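Okay, so here's the structure we're looking at.
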Amino acid sequence: MASTLVSPHIQTWAGHGLTITVTVTMRRSRRAALSLSGELDLASAPLLRACLENQLDTGRRYTRVDLSAVTFVDLAGLTALLTAHEAYQQRHGKLVLVALSPSVQRLVSLVGAEDELLISRDRDVVDSGQAQPKADGGTGLRLMQ
């Protein structure tokens, strides 16, 4: 697994032979935004875990993960997201999954993980570290305990 600094603001994580790319598109002192593309599975889940752990270890407590370009996810990939969610909660942070692709949404629904994860359709929901209210008064965010 390697991390490449593409620019001062964009960092890409990829591993040799893996079918996923994790791009850190925003890094601030306490916030980050990640974009995943490809397949999130048994082979690529450790890369995602390492990237999310890196965000926590550098003090970023509010992280938004865009899953719109994930073409496949298996239980190992979903477990990586659930484990990261718990780690963020333990450090009083938020990991918000946004723009779930159909394959991700299907697995999340099948296993009932929407009761555990913060999920939003709005890509900007964690930009300030807080859920942003929508015009209808809702947040676009499902938080289930």
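For the pair residue 57 and residue 115, the difference between a 0.36 nm per residue extended length and the Cα-Cα distance amounts to 18.3 nm.
Look at the alpha carbon pairs under 8 Å that are at least 6 residues apart: their mean separation over the length of region 37-127 gives a relative contact order of 34 percent. If you bin all the Cα-Cα distances of region 53-102 at 5 Å, starting from zero, the percentages per bin are 5, 20, 29, 23, 16, 7, 0.
Where a number appears in this text, it was derived from the coordinates with a stated rule and is not lab data. None of the values given here were measured: they were computed from a predicted structure.
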